[in-house]
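The values are calculated or read from the model by the stated rules, or taken from the named source; none is laboratory data. Keep in mind the model is a prediction, meaning the values are calculated, not measured. All Cβ positions, even for glycine, are placed from backbone atoms using ideal geometry, and neighbour counts span all protein chains on display. Accessible surface areas use protein heavy atoms only, side chains included; no ligands, DNA or RNA. Shrake-Rupley method; radii C 1.70, N 1.55, O 1.52, S 1.80 Å.
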Amino acid sequence: MAGRPGYVTVPILAVLAAIGYVYYTTVFLAIPAWLGLATAAGVANVVAFTALAAACVATYAVAVSRDPGRVPPAFVPDVEDTDIPIHEIKRKGGDLRYCQKCSHYKPPRAHHCRVCKRCVLRMDHHCIWINNCVGHENYKIFLVFVLYAVITSLYSLVLIIGGAVHSLPKNEQLGSDSSRTSIIICGVFLCPLTLALTILLGWHVYLIFHNKTTIEYHEGVRAMWLAEKAGNLYHHPYDLGVYENLVSVLGPNILCWLCPISRNTGNGIRFRTSYDIPLSTPPI
């Protein structure tokens, strides 16, 4: 059962435990077995891996604690504003989207989360592993966390494989293979975890390239089917082209795209669309 947002839950403790387990095995078993802690190469790898692990924990903590984006109580869509070329409406009835549970209008790309019990700006999905929604305010830090987690997992796999291979002769001479067994068990645990994280990262890179959320992707599949059925073509209104999509999600400064301390862009209420003219106008 999911916990209330902002609280430490079992999945969060499981993630922290997994990070600690992989870190301990890599630093105190794999690296000593392969490179040794008294060598320059061993120390360098310990420092590098510790830095990556710390980055994972830090970005994970921010993703857990940062509010994904609240809808302002006084928000009302202005249908007469010529600067907003499109308005999102309900599939049935064609009315402006209104949340009956929160008693306010929904900004574009906002959705109601049944777990958080409120509407979230540019909602992507609710993630049980952070006990929080992934939305406008924390989407970028969530992406950076997944990226760091993939890099750290791949790095750990390399060190664990090296440690398992190079510890074989030593363990046979000592008549004990407990250390090598622990390294292999961690490697077996890490393989599917790395694969899952890599797939998750690839999925969100795809979404960013098309300026979609997970919800919008599934809505777009249905919209595309309905459009083709009617003999029309469907185009995602927020797809501005790959580079402009990256800028709208990660910010205008390329050097800060993957920086864990940089914030998202925009206010989460108004978004540029492919109907905006000119297209090069900076996001609001």
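Here are the numbers for the structure shown:
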| read-out | value |
| --- | --- |
| FRET efficiency, Thr50 to Arg114 (Cβ-Cβ, R0 45 Å, nearest 0.05) | 0.70 |
| Lys101 - accessible surface, heavy atoms, 1.4 Å probe, Å² rounded to 10 | 150 Å² |
| With DNA, RNA and ligands ignored, accessible area of His166 (1.4 Å probe; Å², nearest 10) | 90 Å² |
| Longest to shortest principal axis, alpha-carbon extents of the chain, angstrom | 80, 39, 38 |
| Exposure of Trp34 as accessible area (Å², to 10), given a probe of 1.4 Å and all protein chains | 90 Å² |
| In degrees, nearest ten, helix 214-229 long axis to first principal axis of the chain (Cα) | 50 degrees |
| Count of Lys pairs (Cα-Cα under 26 Å; at least 8 positions apart or interchain) in the chain | 19 |
| Relative contact order [Cα under 8 Å, 6+ residues apart], the chain, whole percent | 20 percent |
| Ranking by accessible area, most exposed first, for Trp225, Trp257 with a 1.4 Å probe | Trp225, Trp257 |
| Residue order for Tyr155, Tyr7, Tyr21, Tyr139 - accessible surface, 1.4 angstrom probe, largest first | Tyr7, Tyr21, Tyr155, Tyr139 |
| The chain - accessible surface per residue (Å², probe 1.4 Å) | 54 Å² |
| Förster radius 25 Å - calculated FRET efficiency between Thr181 and Leu201 (Cβ-Cβ, nearest 0.05) | 0.25 |
| Area projected by the alpha carbon convex hull of the stretch 173-245, averaged over all directions, nm² | 8.0 nm² |
| Amide H contacts of Cys113 (H built 1.01 Å from N, under 5 Å, at least 5 apart or other chain) | Arg118, Cys119, Val120 |
| Orphan Cys of the chain, criterion: no other Cys C-beta under 4.7 Å | Cys56, Cys119, Cys127, Cys133, Cys186, Cys191 |
| Dipole in debye (nearest 20) - the chain, about Cα centre, beta carbon charges: Lys, Arg +1; Asp, Glu -1 | 720 debye |
| Accessible-area order (highest first, 1.4 angstrom probe) of the listed residues Ile31, Ile184 | Ile184, Ile31 |
| Most positive-pole-ward Cα, Ala44, Pro77, Val146, against dipole of the chain from beta carbon charges | Pro77 |
